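Novice: My questions will all concern the structure given below.
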Amino acid sequence: MATEKGIVTKTGLGTAWVKTMQSEACEGCSSCGTCNAQRPDSEVEVINEVGAKVGDRIIIDFKTSAFLKVTFMLYIFPIICLTMGAMLGLQFAEEYGYDPSAVSALMGFAAFFVSVFIIRMAGRKMATQKHYRPQITKVLPPVATFTPPSQCEV
């Protein structure tokens with residue numbers, strides 16, 4: 001499971017909006033400063049089954065299997081579709097005597113755009129499923145703050 005720390009900024013019915021905090025993994029990241037987690041106004045909606053309240057420090061978990069499925073859908077699936085469309089275009093052009101480059105490009109891009117449509121539809125369906133959404137697993141104890149003694153005390 002991928003875990004992140006955050007602070008609850010607002011709550012809703014079974015959900016909470018969380019401002020994520022920079023983790024130790026961010027220190028060595030090559031995306032330095034370009035990630036959404038680095039932005040001060042970045043918030044994410046998570047499932048709140050533990051009853052976290054506004055101002056609570058929490059831990060968010062996101063299932064690794066769900067993360068890998070989403071990553072495959074976004075990055076690998078379109079490339080596979082583009083390649084298969086181009087290969088089918090070559091076969092089609094060879095069989096019917098058309099220009100192989102043009103038909104391959106046309107069918108490759110057509111398959112790519114079909115994959116984008118499929119990803120959008122699957123994404124909408126995944127967004128409604130609890131398995132694909134991050135959730136709060138633990139409310140952390142409040143941070144002890146140091147208050148210096150006043151000048152009057154001796």
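Novice: Scan segment 101-122 for residues that are touching a Leu at 6+ places or on another chain (Cβ under 8 Å) and surrounded by fewer than 16 Cβ atoms within 10 Å (Cβ to Cβ) and jot them down.
Specialist: Listed by number, the list holds a single entry, Phe109.
Novice: Among the residues of segment 53-70 satisfying the criterion of being β-branched (Val, Ile, Thr) and surrounded by 11 or more Cβ atoms within 10 Å (Cβ to Cβ), which is nearest to Ala127 (Cα to Cα)?
Specialist: Once the filter is applied, the top-ranked residue is Val70.
Novice: Ok, one more. Looking at segment 5-54 only, could you name the residues that are of a type in the set (A, V, I, L, M) and at pLDDT below 65?
Specialist: Matches in segment 5-54: Ala25, Ala37.
The values are calculated or read from the model by the stated rules, or taken from the named source; none is laboratory data. The model shown is predicted, which means the values in this text are computed figures rather than measured ones. Cβ coordinates were reconstructed from backbone atoms using ideal geometry, including for glycine residues, and neighbour counts include every protein chain displayed.
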